[in-house]
Structures are given as C-alpha cells and as structure tokens.
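Everything below concerns the one structure shown next.
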Amino acid sequence: MNVIEAMKERRSVRTYDGRGLTENQRKAMLQAIAESNSPFGGHLTIRMKKFNLKDGYKPTTYGMIKGAGDFFLLGYGNDDASMLTAGYQFEQVVLKAWENGLGTCWIAATFKGTDFETGEMWPEGEELKIVSPVGVAAKKSMMEKIARFTVGSQKRKPMDELFFFEDFKHAIPEDNRFREALEMMRLAPSSTNSQPWRALVAGNKVHFYAAPKSKLCILDTGIGICHFHETEKYKGTNGEFMHVADAPGGQEGWQYVTTYVAE
Ligand SMILES: Cc1cc2nc3c(=O)[nH]c(=O)nc-3n(C[C@H](O)[C@H](O)[C@H](O)COP(=O)(O)O)c2cc1C
C-alpha cells in the first residue's frame, strides 16, 4: 500500500484484536517514529509504551478504546510551532501504521493522563498531551459506532468551503496543480472532526490558515498539511514551507499558519 491509498482508506480505530503488536510490527513503528520529521520546529517527543492487558491493567480511555495494549505517547510544548509539528509529524506515523496494516486513533481528550504517564519524564517544556493506541483492528464496538456517529467521522466539508483560488471567492479549478494535494488534505483526521484547515492557492504558492474551532486547531492544521505535503512528495512535485510576511489576511478569525512555495 502507498501513502495515497493510506490517506484515502485510513479511519480512526477504537476497537483492537487484543493480541498486541508483534516484534516486527513494533520495530516498524519505532522506525516510523525515527523517520518522521517536521520543517516547523518546536518541541515534540513521540514514544511507544506497552501495557500488558493480561495483567488486567488498562489505562483509562473512558471506554473509548478496546483491546489495545500498545500506545504512542506524544509530549510537546505549548507554543504554535510545537503544536503544528505535533500534527504534521505524528500523522506521518499514523499513515505509516496504516500502510503496515495497523490502526491508530489520535486521542487528546478521552484519556486519563496519569494512567499513561507512569514513570515517564518529558524534556523541559514538553508534557503528555496526546495518546494513540496502535494495533490490528477488530469489529467496531457499540461505543466506537456511537463515537463515530456523534462527531460525524465519515463526513468531510466540501472542497469549496475549505480551499480557495486567487481570492477568497473562487473554488480550486479541477486542473489546478495543487488540487490532488488539497483533496488529500480534506480527508485528514481532526479533533471532533472539526476540519479547521483552510488554504488559498495563489500562483505557485499555497497559504495555509487555521479557523478557530478549538485549542487544537493549529495541531489539526498540521495534520492536514502533512497530507498535503505527503501527496506533493509522492507525486515528486516538492516545494518548501516558509513564513510569508505579506500573506493575504484570510477571513475573520483565521490564523495564518504557513505558506508552501512550489519548486
Ligand atoms: C488531534 C485529535 C484529537 C482527537 N481526540 C479524540 C479523543 O479524545 N477521543 C476520540 O475518541 N477520538 C479523538 N479523535 C478522533 C477524531 O474524532 C476523528 O479523527 C474524526 O472524527 C475523523 O474520523 P476518522 O479519523 O475516522 O477519519 C481525535 C482526532 C484528532 C486529530
């Protein structure tokens, strides 16, 4: 499976087969962490932690996650760069997991930090903010079905509500060079499926913004930008991210995040 297929097929997995990762799967995930990277700076630490389900200890996810003993733990800083990097970089691991036949679920709210923290020390300025189970998916539990239904996980906003061309009035033309990368961005996961990412295509530049949906909107936008950039890299049409001082202001409340300048 390639990364485009992974972006199209991935969904959050909340019910697992209870068997835990094999040694090879664990190694593949550690390698995915080691290879993940970000151009946005900030401070992020990604770890893996195994809880032995047979010992009966289940870290609390308020019933949301079933049958998973292996988790990723994410510690990061409170600044915008760290949040952008956390989204952009950990989503690479999420996609790599899917390519390896493994499900994950970003969890920012429905977990009890102290259950996961045992013995963990984080670099200064970082703290545990996100966890994600990782493992082989099993049939969805009733709780998982309810969780998906409640936030409308299946749905995404239409392209022309998210992405704009040349000004904030026109939709992205079908044959625009960035169309496919933005289509993949649209499919990305976000907290409560809020999809706060917005973008304006202007010539060879794409300006990215975060709509103020929640305190995770910058992190969510980082996840979306990861999908955008993975598509660019897959197509062999790379570019660079930079801060453009005179980027158009966007719509009310939007926060300018970064600009992609195509080669
Ligand atoms: C940053 C972030 C935080 C999330 N936090 C939670 C959470 O606390 N509990 C949960 O059940 N799902 C959580 N999710 C999963 C989202 O609800 C899910 O990604 C969204 O509904 C889209 O569904 P999909 O991932 O299946 O495409 C989170 C997702 C993201 C990206």
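The values are calculated or read from the model by the stated rules, or taken from the named source; none is laboratory data. Owing to the predicted nature of the structure, the values given are computational and were not obtained by experimental measurement. Note that we place each Cβ from the backbone using ideal geometry, even for glycine, and neighbour counts take in every protein chain shown. Each accessible area value is taken on the protein alone, full model and side chains, heavy atoms only, with ligands, DNA and RNA left out. Shrake-Rupley method; radii C 1.70, N 1.55, O 1.52, S 1.80 Å.
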Legend entry - Alpha-carbon Debye profile of the stretch 115-210, log10 I(q)/I(0) at 0.14, 0.16, 0.17, 0.23 Å⁻¹: -0.76, -0.86, -0.89, -1.13
Inset, instruction - Heads up, I need the accessible area for F72: 1.4 angstrom probe, whole protein in place, Å², nearest 10. - result: 0
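Calculate for the chain the 222 nm mean residue ellipticity that helices alone would give, adding -39,500 (n - 2.57) per DSSP H run of length 4 or more and normalising by residue count, nearest 500 deg cm²/dmol. Intermediate values should be presented prior to the final figure.
On the way: 8 runs with 85 residues, N = 263.
The per-residue figure over the chain is -9500 deg cm²/dmol.
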Legend entry - Listed residues F241, F149, F208, most fluctuating in the chain (Gaussian network, C-alpha, under 10 Å): F149
Legend entry - the chain: angle of helix 217-235 to the longest principal axis, Cα-based, in degrees nearest 10: 80
Inset, instruction - Give me the distance in nm between label points sitting 7 Å out from Cα along the Cα-to-Cβ direction at I4 and D175, one decimal. - result: 1.9
Legend entry - At R0 = 30 Å, FRET efficiency that the Cβ-Cβ distance of A202 and K155 yields, to 0.05: 0.60
Inset, instruction - Can you pull the one-decimal nm distance between simple spin-label points at T22 and Y57, each 7 Å off the Cα toward Cβ? - result: 2.7
Legend entry - Karplus-derived 3J(HN,Hα), 6.51/-1.76/1.60, for each residue of the stretch 55-67, Hz, glycine and proline x: 6, x, 8, 10, x, 6, 10, 6, x, 6, 9, 10, x
Inset, instruction - Using a Förster distance of 30 angstrom, determine the FRET efficiency expected from the C-beta separation of A109 and D246, and round it to 0.05. - result: 0.20
Legend entry - ³J(HN,Hα) computed for each position of the stretch 110-125 - Karplus, 6.51 cos²θ - 1.76 cosθ + 1.60, integer Hz, glycine/proline x: 8, 8, 9, x, 5, 5, 8, 6, 2, x, 8, 10, 10, x, 3, x
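So what is the diffusion coefficient of the chain in µm² per second by Stokes-Einstein at 25 °C and 0.890 mPa s, using a Kirkwood Rh over Cα pairs? Kindly include the intermediate steps, with their values, before the conclusion.
Details: Rh = 18.9 Å.
Once the numbers are plugged in, D ends up at 130 µm²/s.
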Legend entry - Gaussian network model of the chain, springs between alpha carbon atoms under 10 Å - residue of P212, P248, P189 with greatest fluctuation: P248
